[in-house]
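Peer 1: Pasting a structure here, questions to come.
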Amino acid sequence: MRTLRQLALPLALIVLWEILVALSGSPRAPRPSTTALKAVEMLADGTLLAALATSLGRVFGGFVLATLLAVPLGLAMGTLPVVERNLDPLVESFRPIAAIAILPLVILWIGTGNLAAVTIVAYAAFFPILINTIAGVKRIDRSLIRAARTMGISPLTRLRTVVLPAALPSILVGMRIGLGIAWTAIIAAELAVGAKAGTSGGIGQMMFVFYAYSIQLSGIVVCMAAVGLVAMLLDRGLRALLARAFPWSHP
Amino acid sequence: MMTVPNEPKIRLEHVGKMFDSFVALDDLSLDIRPGEFLAIVGPSGSGKTTVLNMLAGLDRQSSGTILLDGKPIAGPGPDRGVMFQDYALFPWQTVRGNVGFGLTHGPAGAGLDRAAREARVARVIDLVNLGGAEERYPHQLSGGMRQRVALGRLIANEPEVLLMDEPLAALDAQTRLVLQDEILRIWRQDQPAAERRTVVFITHGIDEAVYLADRVVVLGSRPGRLKAIVDVDLPRPRNEATRATAAFADLSRSIWELIRDEAIRATVE
Amino acid sequence: MARVGGLLVYLRTMAIFALAWYGLSLLVGSRLLLPSPLLVLDAVRQSALDGELLRNAGISLLRLVLAVAVAALTAIPLGIAMGLSRAWRDAFDLLVEMLRPVAGIAWIPLALFIFGIGSRLPIFIMFYSAFFPLVIGTAAGVRNVDARLLAASATMGVTGVTRIRHVVLPAALPAIMVSLRLAVAASWTAVVAAELVGAPSGLGYAIEYYRSMLATPTVMAFIAMIGVLGFLTDAGLRALEARLMPWAKDIRP
């Protein structure tokens, strides 16, 4: 009964969508039935998975790069007030600039290939990870650090054995947010590049090509569903992975 | 109040409460007289708070009946004011806003114009000694002051029954003593019983119960059940001298005897 | 003292950054690839003088305000209903969970088909981007309202709409404000992408336009404008938060 209540609205909207488009008689407008057929077709010929693989590869590359840069920097800014004070103005100046806004510069400097895409993704994921790492380090219970000091543990060892594990839950939250933003950024970048020219590939460009050159737009909806599905799977997957790797934290 | 003398204000008949298969309270029968100050003591797990929540209408009993003025309790209502253990003050309201909340937004203020409401709030704030702190927010107050706000919010609505759940538990010993006297004053212990409101006061402090109450209900734990009802025949008004009397010490000791074993067990578990 | 010291540190950092940038631009030696900070400053001045900078910023900002306002007016009531009532939650949860992961930006091609190029496209994309953080944040905020406060108001006979207005809403306000800030941030990201692809005006359009004109200093001026406006809107929201919630001033983390 409850499941029925939960399904009612989405199902009603899908039926309504089908009817409205059928009535409008527009040949290009996508509808649920054509979308489902298109999805089967795109899955069968492998184009959808290939495009997703391209985008995902870029996201992972940029995400790993962002993590490798942001976590050490965040640890330094969180533990050393001098570093934080001096770098904070730069962080606060660049943080409000969305990754997509620097796309024109990236295209100018690096072009429209994979390296450019990885750069955009890394920029997008960098700030959430950095901010959450700093916050995580600063929230560490002072008595943990003091306890480690009384045991004569050196600062560097302390960073590895106390600060990093204690800040980890917050870092992982930053990584989850960062991964979500990275996925959005790559779609935006591929779309924008696809809109202007170039052959960048990826799911974002695929969407744009469907819009620009296709008489039938169901493919766009298939891509949108794929984007949503991947976003959800990325989030769940990362959460499960991190929960398994660091059982004491709750990402 | 409008009650016929000798009729209980509140009557509990074979009241029981289960949470899933856990018996929180088993077969409690009790009459609470109008104008009475009734204290309920017991170790943790004796269902004290459960009793209070059922009287407030926030929880429903699993068995038995609870009557207020002869009618079953259906839910929370402005005729029974509650002072919660951790006060439950509205953090976005000032002292004045919290004290006047029920008057401004609830039925307690119906029939009062703005000036009358403000006058009553001012009087209550005075009564609980919060003059000067009217515009402060709860987080800017000390524990004792928050407790006064909660007390003020309770009495500003002028409920017929005041239900208090360990209201002084979070305070330091000295503040607690001061506020005990204040609660007695607000309850009008120096007036004849007909002028007083009915109070049900949950506490784990035996001294506190004896000092404040006309009768002390002693609950046992696991499952919560009635162990004894102790009449406190200390003369009123009570004050510091009361605590020094032999009768006070005897009463406290006899209640402690009743719950000692379970209280000790409760700390070990 | 601390403020003056903080300002000095800020200026010092930015000065070092500008110097490094200047040095690098000399090294690169191409005003197309990396113009010096002076050239960018000059571009800022020029775009400010001919009104282009403020005009496009104003257009983007207006779209943002419109989109977020519509999102707030629809998402906050829906979030409250979903937070309070199981029936509403059951009815809308699946739909929200299906649509939420589809980034607003991913709607751009379909929205291009529906709306065409113009103001409606970025407004729709921004609305969509703002809607889900708001609905989810509000619903969670309402569900997490301290049960004791609801109980306390019930014992004072405060129920129904009065309770929503005077207990639920203020108690959920901190969560709603946090989600509003997230929503505005998401909208800002979306506007650049949406205008870049499908609008004849606005900051995103301007960036793309000047890029195609190879006017890198002006591109940088507009990018800086996005940063400044993003910072200012967030500061504005924080000020609004402080005003709406004076009681939370010292307890907000």
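Peer 1: How many residues does the range C:100-124 hold that are assigned to a helix (DSSP H, G or I), touching a helix residue (DSSP H, G or I) at 6+ places or on another chain (Cβ under 7 Å) and facing another protein chain (nearest Cβ under 10 Å)?
Peer 2: Qualifying residue count, the range C:100-124: 10.
Peer 1: Let me ask something else about it. Filtering the range C:140-196 down to residues that are basic (Lys, Arg) and without any contact (Cβ under 8 Å) to a residue 12 or more places away in the chain, which residue is farthest from residue C:66 (Cα to Cα)?
Peer 2: Here the residue is C:148.
Peer 1: Quick check on my filter: what residues within the range C:69-99 are more than 8 Å from chain A (Cβ to nearest Cβ), free of Cβ contacts under 8 Å to residues at least 12 places away in the same chain, surrounded by fewer than 17 Cβ atoms within 10 Å (Cβ to Cβ) and not charged (D, E, K, R)?
Peer 2: If the condition is that a residue be more than 8 Å from chain A (Cβ to nearest Cβ), free of Cβ contacts under 8 Å to residues at least 12 places away in the same chain, surrounded by fewer than 17 Cβ atoms within 10 Å (Cβ to Cβ) and not charged (D, E, K, R), then C:69, C:73, C:77, C:85, C:88 are the ones that fit.
Peer 1: Within the range A:147-158, is even one residue among the basic types (Lys, Arg), touching a residue at least 24 places away in the same chain (Cβ under 8 Å), out of contact with any Leu (no Cβ under 8 Å at 6 or more places or on another chain) and farther than 20 Å from residue C:211 by Cα?
Peer 2: No: the range A:147-158 contains no residue that is among the basic types (Lys, Arg), touching a residue at least 24 places away in the same chain (Cβ under 8 Å), out of contact with any Leu (no Cβ under 8 Å at 6 or more places or on another chain) and farther than 20 Å from residue C:211 by Cα.
Peer 1: Identify, please: which residue in the range B:69-99 is in contact with a strand residue (DSSP E or B) (Cβ under 7 Å, 6 or more places away or on another chain) and farther than 28 Å from residue B:127 by Cα and is, among those, surrounded by the most Cβ atoms within 10 Å (Cβ to Cβ)?
Peer 2: Top of the filtered list is B:73.
Peer 1: In this structure, does residue C:25 turn out to be within 14 Å of another protein chain (Cβ to nearest Cβ) and not in a helix (DSSP H, G or I)?
Peer 2: no
Peer 1: Could you check the range B:45-73 and list, in sequence order, the residues that are among the β-branched types (Val, Ile, Thr) and part of a strand (DSSP E or B)?
Peer 2: Scanning the range B:45-73 gives B:65, B:66.
Peer 1: Is there any pair with a first residue in the range B:123-137 that is over 14 Å from residue B:153 (Cβ atoms) and a second that is buried (at least 20 other Cβ atoms within 10 Å of the Cβ) and acidic (Asp, Glu) whose Cβ atoms are under 9 Å apart and which are 6 or more apart or on different chains, and what are they?
Peer 2: No pair meets every condition.
Peer 1: Follow-up question, since we're still on this one. Among the numbered conditions (1) facing another protein chain (nearest Cβ under 9 Å); (2) in a loop (DSSP other than H, G, I, E, B); (3) buried (at least 20 other Cβ atoms within 10 Å of the Cβ), tell me where residue B:130 comes up short.
Peer 2: Every listed condition holds for residue B:130 apart from (1).
Residue-wise test of (1) surrounded by fewer than 13 Cβ atoms within 10 Å (Cβ to Cβ); (2) modelled with pLDDT under 90; (3) among the β-branched types (Val, Ile, Thr); (4) over 23 Å from residue A:91 (Cβ atoms).
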| position | (1), (2), (3), (4) |
| --- | --- |
| C:3 | yes, yes, no, no |
| C:6 | no, yes, no, no |
| C:19 | yes, no, no, no |
| C:30 | yes, yes, no, yes |
| C:41 | no, no, no, no |
| C:46 | no, no, no, yes |
| C:53 | no, no, no, yes |
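Peer 1: Considering only residues that are hydrophobic (A, V, I, L, M, F, W, C) and either surrounded by 15 or more Cβ atoms within 10 Å (Cβ to Cβ) or at pLDDT below 90 (or both), which ones fall in the range B:211-243?
Peer 2: Result: B:212, B:213, B:216, B:217, B:218, B:219, B:226, B:228, B:230, B:232, B:234, B:241.
Peer 1: Find the helices (runs of 4 or more DSSP H) located wholly in the range A:154-225 whose residues include 2 or more that are crowded, with 24+ Cβ neighbours inside 10 Å, of a type in the set (A, V, I, L, M) and within 20 Å of the chain's Cα centre (by Cα), and list them.
Peer 2: Answer list for the range A:154-225: A:164-196, A:202-213.
The rows are residues; the columns are (1) under 30 Å from residue C:211 (Cα atoms); (2) part of a helix (DSSP H, G or I); (3) at the interface with chain C (Cβ under 8 Å from one of its Cβ atoms).
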site	(1), (2), (3)
A:7	no, yes, yes
A:13	no, yes, yes
A:21	no, yes, no
A:28	no, no, yes
A:42	no, yes, no
A:54	yes, yes, no
A:57	yes, yes, no
A:86	no, yes, yes
A:103	yes, yes, yes
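Peer 1: In the list B:257, B:208, which residue meets the criterion of being surrounded by fewer than 18 Cβ atoms within 10 Å (Cβ to Cβ) and in a helix (DSSP H, G or I)?
Peer 2: B:257 is the lone residue from the list that is surrounded by fewer than 18 Cβ atoms within 10 Å (Cβ to Cβ) and in a helix (DSSP H, G or I).
Peer 1: In addition: Please go through the range A:222-234 and give me each residue that is over 18 Å from residue A:188 (Cβ atoms) and touching a helix residue (DSSP H, G or I) at 6+ places or on another chain (Cβ under 6 Å), ordered by number.
Peer 2: Once the filter is applied, which keeps residues that are over 18 Å from residue A:188 (Cβ atoms) and touching a helix residue (DSSP H, G or I) at 6+ places or on another chain (Cβ under 6 Å), the range A:222-234 yields only A:222.
Peer 1: Are any of the residues in the range B:78-85 farther than 23 Å from residue C:160 by Cα, within 13 Å of another protein chain (Cβ to nearest Cβ) and under 20 Å from the mean Cα position of the chain (by Cα)?
Peer 2: Yes; the residues of the range B:78-85 include at least one that is farther than 23 Å from residue C:160 by Cα, within 13 Å of another protein chain (Cβ to nearest Cβ) and under 20 Å from the mean Cα position of the chain (by Cα).
Peer 1: Kindly provide the set of residues from the range B:17-48 that are surrounded by fewer than 21 Cβ atoms within 10 Å (Cβ to Cβ), closer than 21 Å to residue B:230 by Cβ and of a type in the set (S, T, N, Q), ordered by number.
Peer 2: Those that are surrounded by fewer than 21 Cβ atoms within 10 Å (Cβ to Cβ), closer than 21 Å to residue B:230 by Cβ and of a type in the set (S, T, N, Q): B:29, B:44.
Peer 1: Still on this structure: Of the residues in the range C:141-162, how many are charged (D, E, K, R) and either within 11 Å of chain B (Cβ to nearest Cβ) or closer than 14 Å to residue B:104 by Cα (or both)?
Peer 2: So the count comes out to 2.
Peer 1: Same structure, new question: Checking residue B:102 against (1) crowded, with 20+ Cβ neighbours inside 10 Å; (2) part of a loop (DSSP other than H, G, I, E, B); (3) within 14 Å of chain C (Cβ to nearest Cβ), which test does it fail?
Peer 2: Unmet for residue B:102, out of (1) crowded, with 20+ Cβ neighbours inside 10 Å; (2) part of a loop (DSSP other than H, G, I, E, B); (3) within 14 Å of chain C (Cβ to nearest Cβ): (2).
Peer 1: Now a separate question. How do the pairs read when you match residues in the range A:60-73 that are closer than 22 Å to residue A:163 by Cα with residues anywhere that are part of a helix (DSSP H, G or I) and of a type in the set (D, E, K, R), using Cβ under 9 Å and keeping only pairs 6 or more apart or on different chains?
Peer 2: Once the first residue is closer than 22 Å to residue A:163 by Cα and sits in the range A:60-73, no partner that is part of a helix (DSSP H, G or I) and of a type in the set (D, E, K, R) comes close enough.
Peer 1: Being aromatic (Phe, Trp, Tyr) and more than 8 Å from chain C (Cβ to nearest Cβ) is the filter here; which residues of the range A:205-241 pass it?
Peer 2: Across the range A:205-241, the qualifying residue is only A:213.
Peer 1: When residues of the range B:155-188 are filtered for being out of contact with any helix residue (DSSP H, G or I) (no Cβ under 9 Å at 6 or more places or on another chain) and touching a residue at least 12 places away in the same chain (Cβ under 8 Å), how many remain?
Peer 2: The number of residues fulfilling the criteria is 1.
Peer 1: In the range C:79-136, which residues are hydroxyl-bearing (Ser, Thr, Tyr) and either touching a Ser or Thr at 6+ places or on another chain (Cβ under 7 Å) or at pLDDT 90 or above (or both)?
Peer 2: Across the range C:79-136, the qualifying residues are C:85, C:128, C:129.
Peer 1: Let me ask something else about it. Could you list all residues from the range A:22-57 that are modelled with pLDDT of 90 or more, aliphatic (A, V, I, L, M), farther than 30 Å from residue A:115 by Cβ and surrounded by 13 or more Cβ atoms within 10 Å (Cβ to Cβ)?
Peer 2: A:36, A:39
Peer 1: Just to be sure before I move on: is residue B:200 in a strand (DSSP E or B), assigned by TED's automatic domain parsing to the domain that holds residue B:9 and either among the β-branched types (Val, Ile, Thr) or modelled with pLDDT under 85 (or both) in the structure I sent?
Peer 2: Yes: the conditions hold for residue B:200.
The values are calculated or read from the model by the stated rules, or taken from the named source; none is laboratory data. Since the model is a prediction, treat every value here as computed from it, not as a measurement. We place every Cβ from the backbone using ideal geometry, glycine too, and count neighbours over all the protein chains shown.
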